[in-house]
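Worksheet: the structure to be examined is printed underneath.
The values are calculated or read from the model by the stated rules, or taken from the named source; none is laboratory data. Computed from a prediction, not measured in an experiment: that's the story for all the values here. Every residue, glycine as well, gets a Cβ built from its backbone with ideal geometry; the counts of neighbours run over all protein chains shown. Ligands, DNA and RNA are excluded from the accessible area calculation, which covers all protein heavy atoms including side chains. Shrake-Rupley method; radii C 1.70, N 1.55, O 1.52, S 1.80 Å.
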Amino acid sequence: MARYLVTGGAGFIGSHLVEALHSDGHAVAVLDDLSTGRRENLPADAPLVVDDINRIGAHPDLWRGLDGCFHLAAVASVQRGTEDWAGCHDVNARGTIAVFEAARDHGVPVVYASSAAVYGDPIALPQAEDALLRPLTAYGADKLASELHARVAGGVHGVPTHGLRFFNVYGPRQDPRSPYSGVVSVFCDRLLADRPIVVHGDGAQSRDFVAVADVVRALRAALGAAALDAPVTNVCTGRSTSVLELSHTLARVIGVTPRVSHGPARVGDIRHSVGDPARLHETLGMTAETPLAEGLAALVAWARATAPA
Ligand SMILES: NC(=O)c1ccc[n+]([C@@H]2O[C@H](COP(=O)([O-])OP(=O)(O)OC[C@H]3O[C@@H](n4cnc5c(N)ncnc54)[C@H](O)[C@@H]3O)[C@@H](O)[C@H]2O)c1
C-alpha cells in the first residue's frame, strides 16, 4: 500500500484519480477548498482537509510518509482567469509553488496538472511539447509559470516533478451547470433535456477530447517518471474532433436528433487544437485510447443516473 496526497481531489479529474488509487488499496488524502469540488465525489472514508491550496504547508500530517503528491487544485477556468486575474494567479501559480515548497520540506515527488492552454494559438499542428509556448490567457500563463517553477523545484530544491498538459478532458462528474463548463458536459446536459444546443461560430473549430479514465492512467504513470529536470508531457489522443462532429456523436450515443443553433463565434477562441501524443507513448508508455463514443457513453450513463427525478 502506498500513500498519496491529491490536491483538488474533490473535483472532476481529481475525484477519478482518488477513486482509482483508493480502489487499488492505497491510502489517499485530499486537500480541497470545495470551491467547485464536492465531498460527495470522494469515497466516504477518504480523509479530506478543506483548506486553501496556499495553506498546504500548514498541514504537515498530510505529508508524512507520502509516496507522491498529485497537484490538481486550480481555478480550472479560462473565463475566471480573465474576470479575476490576480485572484486566479494566487491559486494557479502561487498555489503550485506552495505545493512544491511543502514537497521539498517533506521529500515528496509531485505530478501536477498543466494544460494545452500553454500553447496558445498553435503555429503548427499537432502541438508537440517542444513547440513555442505563447499562452493567450491568464490561465495559460499561470500553467506555464507552474512548469517554469517546476524547473526551479527540481534544479534548486531537489523536488522531482512531472507536468501533464491536459487537452480537453471529459467524463462523469464534470459539472454542466457551472458557467465555466466544457463543451462536452454542456452539450450532454442539453441533449439529455431535449433542448437545442448552441454552437459558437460554424462548429468547424476542433479540439482533442481526452477521456478522464485515460487522464487518470497518465497521472499514475507520471509519478514513476517524475524527475529533477521537470519533464512535461501532453495528455491527448492526437485525434481532432470538430464541435459539430462532437454534437452528432453525442446525440447518437444518447439516441436523439440534435437541434443545433449557431451563436456568434467566441472572441479569442482558438480555431484548432490537437496534441501530439508521441511523448505520452514514449515517456509514459501509454496511449489515450478510449474511443470518443465509448467515453461519451460513460458520461451519458452518469448524467442519466444522477439527473434529478
Ligand atoms: N478539465 C480539463 O479539460 C482540464 C484541461 C487542462 C487542465 N486541467 C487542469 O486539471 C486540474 C483539475 O481540473 P478539473 O477539470 O478537475 O477542475 P475542477 O474545478 O473540477 O477541480 C479543481 C479542484 O480544485 C479545487 N480548488 C480550486 N481552488 C482551490 C484552492 N484555492 N484551494 C484548494 N482547492 C481548490 C476545487 O474545489 C476543485 O475540487 C486543474 O489544475 C485544471 O487546471 C483541466
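Among residues other than Ala150 with Cβ under 15 Å from its Cβ, the summed charge is 0 (Lys and Arg +1, Asp and Glu -1). Say a paramagnetic label sat at a point 7 Å from the Cα of Asp130, along Cα to Cβ; which residues of the range 263-307 have their backbone N under 16 Å from it? Inside the label zone: 276-283. Surface listing: Ser247, Ser23 arranged by accessible area from highest to lowest gives Ser23, Ser247, probe 1.4 Å. Taking other residues whose beta carbon is less than 12 angstrom from the beta carbon of Ser114, and scoring Lys, Arg as +1 and Asp, Glu as -1, yields -1.
Please list Ser115, Ser240 in order of solvent-accessible area, largest first, computed with a 1.4 Å probe with all protein chains present.
Ser240, Ser115
If you take all other residues with their beta carbon under 9 Å from the beta carbon of Asp189, and give Lys and Arg +1 and Asp and Glu -1, the sum is +3.
In the context of the full set of protein chains, the chain has a per residue accessible area of 44 Å² (1.4 Å probe).
Placing R0 at 45 angstrom, the Cβ-Cβ distance between Asp105 and Ala297 gives a FRET efficiency of 0.55 after rounding to 0.05. Between Leu34 and Ala265, the modelled labels are 4.3 nm apart [label points 7 Å from Cα along Cα→Cβ]. Distance between the modelled labels on Ala227 and Ala27, one decimal in nanometres: 3.1 nm (7 Å Cα→Cβ projection).
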